[in-house]
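Working notes, beginning with the structure itself.
Where a number appears in this text, it was derived from the coordinates with a stated rule and is not lab data. Being a predicted model, the structure only gives us computed values, none of them experimental. Neighbour counts run over all protein chains shown; Cβ positions are idealised from the backbone, glycine included.
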Amino acid sequence: MASPRPVNSTLVSTSVVSLAVGFLLARLLLTRSPSQNVNKKDSDTSIVGSNSSTKTSNQNGFDSSSNNQSNNEESATLNNCQSLQGQNLSQISLPSSTYQHPQPDEKYTLHCYDHCPFCLRVELILNRHEIPYSRVVYGYGQGAPLRHSGYDPTGGPCKLLGTKILPVLEIRPNNTNNNTSFMGESLEIISYLISKHNLSLPLVAAPPWLSDWHKRFAPVKSALVRPRIIALTHLKDWADPRDVEYAKAKYHRLGFDYEEADRKTSESLEEMNDLLVELSELMKGGGNPSPSIMPYGFSGDDVCLLPDLRSLTCVAGVVFPEKVRRYLNYHLQSSKKMGIELYDDYAIE
């Protein structure tokens, strides 16, 4: 009888350490950031009452233990990018070993809104790395409480995690009927994809010059985008008039004045166009073939910024400098096959 082959303990230890380091770096990729605090009114929400962003569904794809229609529906937690200043981020990335597509018995479905910057963060990663997935888009008011001008309060996104949050990544293995899982929060999903598929992505730097610019950019963007994005009724997000009614009621409750934003359109456009010129001058990696914010290429900073710039394309009169337009076009090109496009053709004055 042959003796068992000895285990190479050094190799095992090295593998374990590599896996642990890779996972920890994935978790650190993108975290909340006061420096890019757009406004929690615009964020996707955290999963209330859960220690994890992943839930396992029952046969109906609904976790009744999470069925909580609270007032938090989309304003609980801002998932933005935390400043990791002082680190040499060009040297900090996740393992860049051979890319792995999902196994044949695993399928991804991303539940999302087309207009949502947080949803687009996830789609940028999926499409950039050619990770196959299907896309389900919801009406913006579906699943919101009736008292908040919503409709179908237990439907839409609520069937996924029991509350109205998007994006949600559905992970569906074919080898079992009851093991479908749902993961919420954009940055948690991105961290999962990086760890699962051995992707390489430099961490968010959020340097002071970018943080300062973003603080000035965010309120002007909201003033221009909010009154106009709801007019893009060719999108599933706003196909039902109740979706528009819900969005307006929501932001009214949160203090947004649509009439004032309309009156200040000229002023806001002038300010935004100046900000975009400034951004063009600030960009450190604006060369070919892949423009980026930081000098070492595509990173978490781009994942946070590109969705906001895409939202601006619904505003007629916004002038993108050549470098910023090339940056936007380049990184959104891979998403066209999924029906994700810029809004230039539908821009509203």
Worksheet item: Please state the equivalent ellipsoid semi-axes for the stretch 134-176: what are the square roots of 5 times the Cα gyration tensor eigenvalues, largest first, in whole Å?
Response: 24, 10, 7
Worksheet item: By average Cβ neighbour count within 10 Å, what is the ranking of 310-317, 117-124, 232-239 from highest down?
Response: 117-124, 310-317, 232-239
Practice prompt. Consider all pairwise Cα distances in the stretch 208-346 and report the whole-number % of them above 21 Å.
Written response: 46 percent
Fill in: Net +/- balance of residues flanking LEU201 in space, Cβ distance below 10 Å, scoring K and R +1, D and E -1
0
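Quick one: which of 254-261, 214-221 comes out on top by average Cβ neighbours within 10 Å, and what's the full order, highest first?
214-221, 254-261
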Discussion item. Using Cβ contacts closer than 10 Å as the measure, can you line up HIS111, HIS148 from fewest to most?
Written reply: HIS148, HIS111
Worksheet item: About its Cα centre, what dipole magnitude does the stretch 208-346 give when the only charges are +1 on Lys and Arg Cβ and -1 on Asp and Glu Cβ, stated in debye to the nearest 20?
Response: 400 debye
Item to complete: Beyond 20 Å between alpha-carbons counts as too far, so tell me which of LYS164/LYS248; LYS248/LYS336; LYS164/LYS236 fall in that bin.
Response: LYS248/LYS336
Response to the item:
Simple spin-label estimate for ASP274/SER290, 7 Å along Cα→Cβ, in nm, reads 3.5 nm
Fill in: Angstrom value of the Kirkwood radius, inverse mean 1/r, which spans all Cα pairs in the stretch 115-195
13.8 Å
Response to the item:
note: the stretch 163-251, Cα-Cα separations exceeding 20 Å make up a percent value of 64 percent
Discussion item. 5 Å is the cut-off here: which amide hydrogens, built 1.01 Å from N in the peptide plane, fall below it relative to ILE348, excluding neighbours closer than 5 in sequence?
Written reply: VAL315, ALA316
